[in-house]
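Peer 1: I'd like to ask some things about the structure below.
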Amino acid sequence: QVRVVESGGAVVQPGGSLRLSCTTSGSIFGIWLMGWYRQAPGQERELVATQSSAGTHYSDSVKGRFTISRDSAKVAAYLQMNSLKPEDTAVYYCSARPYADSDRTYWGQGTQVTVSS
């Protein structure tokens with residue numbers, strides 16, 4: 001069982017920056033793929049960014065503004081968010097998929113990001 005915990009959500013003004021963190025525990029060999037998703041009120045959860053040894057992927061809505069990174073032990077992930085817009089307001093969830101040959105994915109409880117003046 002892998003435990004996933006997000007942190008770093010806050011209220012920030014438009015144009016501001018924020019860094020989210022995600023830590024995992026319970027995986028002996030690290031996590032193959034980690035990602036960030038978000039869900040705004042009344043909307044479906046959507047992909048923000050993912051990163052694994054196979055590469056990095058961003059949604060078009062955040063490309064050039066957000067950056068996902070991983071720690072060297074591959075048990076944590078970060079999301080640097082710059083030039084934030086009101087439409088970035090959502091609950092941000094971290095996902096952890098330990099193995100490339102299994103679809104099993106673990107999720108955190110989410111952290112609220114609000115972009116408002």
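The values are calculated or read from the model by the stated rules, or taken from the named source; none is laboratory data. On a predicted model such as this, the values are computed, not experimentally measured, just so you know. All Cβ positions, even for glycine, are placed from backbone atoms using ideal geometry, and neighbour counts span all protein chains on display. The area values use the complete protein model at the heavy-atom level, side chains included, leaving out ligands, DNA and RNA. Shrake-Rupley method; radii C 1.70, N 1.55, O 1.52, S 1.80 Å.
Peer 1: Can you sort Arg38, Arg3, Arg97, Arg104 by 1.4 Å-probe accessible area, starting with the largest?
Peer 2: Highest to lowest solvent-accessible surface, that is Arg3, Arg104, Arg97, Arg38.
Peer 1: Under a 1.4 Å probe, what is the accessible area of the chain per residue, stated in Å²? Could the numbers behind the result be given before it?
Peer 2: Values: 6280 Å² over 117 residues.
Per residue, the chain has 54 Å² of solvent-accessible surface.
Peer 1: Any idea how far apart Ser7 and Glu44 come out in nm if each label point goes 7 Å out from Cα toward Cβ?
Peer 2: 3.3
Peer 1: On the protein heavy atoms, probe 1.4 angstrom, tell me the percent of accessible surface of the chain carried by carbon and sulfur.
Peer 2: Details: 2970 of 6280 Å².
Ligands and nucleic acids excluded, carbon and sulfur give 47 percent.
Peer 1: Now a separate question. If you rank Ser25, Ser53 by how much accessible surface each has, with a 1.4 Å probe, what is the order from largest down?
Peer 2: Sorted descending by solvent-accessible area, the residues read Ser53, Ser25.
Peer 1: Here's another thing I want to ask about it. Relative contact order, percent, of the chain when contacts are C-alpha pairs under 8 Å separated by at least 6 residues?
Peer 2: Worked out over the chain, it gives 37 percent.
Peer 1: Net charge within 11 Å of Gly9 by Cβ-Cβ distance, Lys/Arg positive one each and Asp/Glu negative one each, not counting Gly9 itself?
Peer 2: So the environment of Gly9 carries a net charge of +1.
Peer 1: By average Cβ neighbour count within 10 Å, what is the ranking of 65-73, 86-94 from highest down?
Peer 2: The packing order, highest mean first, is 86-94, 65-73.
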